[in-house]
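The next block holds one structure in the form of structure tokens; read it before the comments.
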Amino acid sequence: KEVHAAEMERSFIAIKPDGVQRGLIAEIISRFERKGFKLVAIKIVIPTKDFAQKHYHDLKERPFFNGLCDFLSSGPVVAMVWEGEGVIKYGRKLIGATDPQKSEPGTIRGDLAVVVGRNIIHGSDGPETAKDEINLWFKPEELTNYSSNAEKWIY
Ligand code: RTP
């Protein structure tokens, strides 16, 4: 089956400062890569607090909003765009429940995190937020379009 990159679903995935500091970058990337998703953009950045507030604008009424934005801007974040069929929903499955105490073993948060305020990774929760988050974190020219030989064996 021929799959054209232009019609492929994309999700914004970020390794938060705790995941970076704990040396879990390769571990997390590896899980998405082995699944068969394709990495189309990646960079490491220390977001400003203002930028963190933009990223989490949906949560601005929540009591933990300020602490959450302080945390996201406290160190380097690995920002990524992953591509593949169903990557938004299945990416959330790989990540696990928001609270690591409720995440199943086998998920990233279930295997690698303990508390909700230090849950090591973010993933877009729907097509609209994916689009908004990709546009917030990346310029169009930072997103690559390429085909890999593996694709014909994945699809
Ligand atoms: P994310 O956006 O980071 O993937 O997380 P999520 O959708 O699973 O969870 P969401 O409800 O959007 O919350 C965003 C992040 O806020 C932090 N949080 N802290 N009670 C708390 O202290 C609390 N609740 C949520 C978590 O870091 C969560 O990932």
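A few remarks follow.
- Expected-Rg normalisation [2.2 N^0.38 Å, Cα atoms] applied to region 1-79: 1.30
- FRET efficiency estimate (nearest 0.05) - Cβ-Cβ, Thr129 to Ile154, R0 22 angstrom: 0.30
- Nearest-0.05 FRET efficiency for Glu7 and Glu33, computed from C-beta distance (R0 30 Å): 0.90
- Of the three principal axes defined by the Cα atoms of region 36-155, the extents in descending order read 46, 36, 24 Å.
- Across the chain, the longest piece that holds none of the GluC sites (Glu not before Pro) lying in DSSP loops with up to 11 other C-beta atoms within 10 Å covers 62-155.
- Report summary: the helix-based calculation at 222 nm, which adds -39500 (n - 2.57) for every DSSP H run with n ≥ 4 and divides by the residues of the chain, gives -10000 deg cm²/dmol.
- Exposed loop sites are taken as trypsin sites (Lys or Arg not before Pro) in a DSSP loop (any state but H, G, I, E or B) with at most 12 other beta carbon atoms within 10 Å; the longest stretch of the chain without one runs 2-59.
No value in this document is a laboratory result; all are computed from the given coordinates. These figures come from a predicted structure and were not determined experimentally. All Cβ positions, glycine included, derive from the backbone under ideal geometry; neighbour counts span all protein chains shown.
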